[in-house]
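One structure is given below, encoded as structure tokens.
The values are calculated or read from the model by the stated rules, or taken from the named source; none is laboratory data. Computed from a predicted structure; not experimentally measured. Here the Cβ positions follow ideal geometry from the backbone for every residue, glycine too, while neighbour counts run over all protein chains shown.
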Amino acid sequence: MGAADKVAPMSRSANLAEHDFEDDVAYRALDYTGLDLTGRTVESMEIDQCRFTDTRLAAVTMVKSLFTETVFDNCDLANINARVTSLVDSTVTNSRLTGSKWAECVFRGTTFKECRLDLTSFRFATFKQTVFRSCNLREADFHNADLRRIRFESCDLQGAQFTDAQLAEAKFIDCNLLGIGGVTSFRGAVVDSDDLGSLAYSLAAALGIRISSRG
């Protein structure tokens, strides 16, 4: 992508004077700890083998950027607005992404663990070999997303939207599926038997079935 030559040496601590987010930069093997990058706007940035710990990235706007082998731990990524951006072989742990937007983004080999992803939009995003584990995904929007073969493990998906999503061979294990939208997109998905109860009401509503109690 023609990024400027700003590649950092291994195991170097990042600082905002040298390693702030900018257009057309490439940073490698940096440790961003306790920094505040709130509200940055960047395009065509590359981040490789970096670690973000206790770092604020809230309301960052990113376009056509790439994160490879990157770790986010206990970070604030709320209200990020990312478009045509990729996370590859990366991990996001114990972080807050509430209200963030990831339109037309690509997630490959990425794991989200114990994260707040409520009200997050993944519209038209593509997921490959991705896992959501013990995450709050309430009212997340997966409209037209490619979710084939990914895994949701012990996630709260209440009220999440899956309209026109591709879910063939996606696995839902020990998840709350109450009130989800786009349930007809679940054709080909694999749902744990214990999760069927919460899914049944959404499926019945989609099929126009009314459920009444006896008597």
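Among the residues making up segment 111-122, those that are under 14 Å from ILE80 (Cα atoms) and in a loop (DSSP other than H, G, I, E, B) are LEU117, ASP118, LEU119, THR120, PHE122. Only a single criterion out of (1) of a type in the set (Gly, Ala, Ser); (2) part of a strand (DSSP E or B); (3) surrounded by fewer than 22 Cβ atoms within 10 Å (Cβ to Cβ) is not satisfied by ALA82, namely (3).
THR38 passes every criterion in (1) under 15 Å from the mean Cα position of the chain (by Cα); (2) surrounded by fewer than 16 Cβ atoms within 10 Å (Cβ to Cβ) apart from (1). Contact map, segment 5-22: first residue within 14 Å of ASP36 (Cα to Cα) and surrounded by 14 or more Cβ atoms within 10 Å (Cβ to Cβ), second residue modelled with pLDDT of 95 or more and hydroxyl-bearing (Ser, Thr, Tyr), Cβ cut-off under 6 Å, separation 6 or more or different chains; pairs are ALA14/TYR32; HIS19/TYR27. Scanning segment 44-66 for residues that are more than 20 Å from ARG108 (Cα to Cα) and not hydrophobic (A, V, I, L, M, F, W, C), we see that the one that is surrounded by the most Cβ atoms within 10 Å (Cβ to Cβ) is THR55. With the checklist (1) buried (at least 18 other Cβ atoms within 10 Å of the Cβ); (2) of a type outside the set (Val, Ile, Thr); (3) more than 10 Å from the chain's Cα centre (by Cα) in hand, flag the one item LYS128 doesn't pass. It is condition (1) that LYS128 fails. From the list PHE112, PHE72, PHE107, the one residue that fits, being farther than 20 Å from ARG148 by Cα and of a type in the set (Phe, Trp, Tyr), is PHE72.
From the list LEU167, LEU87, LEU157, the lone residue that is buried (at least 20 other Cβ atoms within 10 Å of the Cβ), closer than 20 Å to VAL71 by Cα and of a type outside the set (D, E, K, R) is LEU87.
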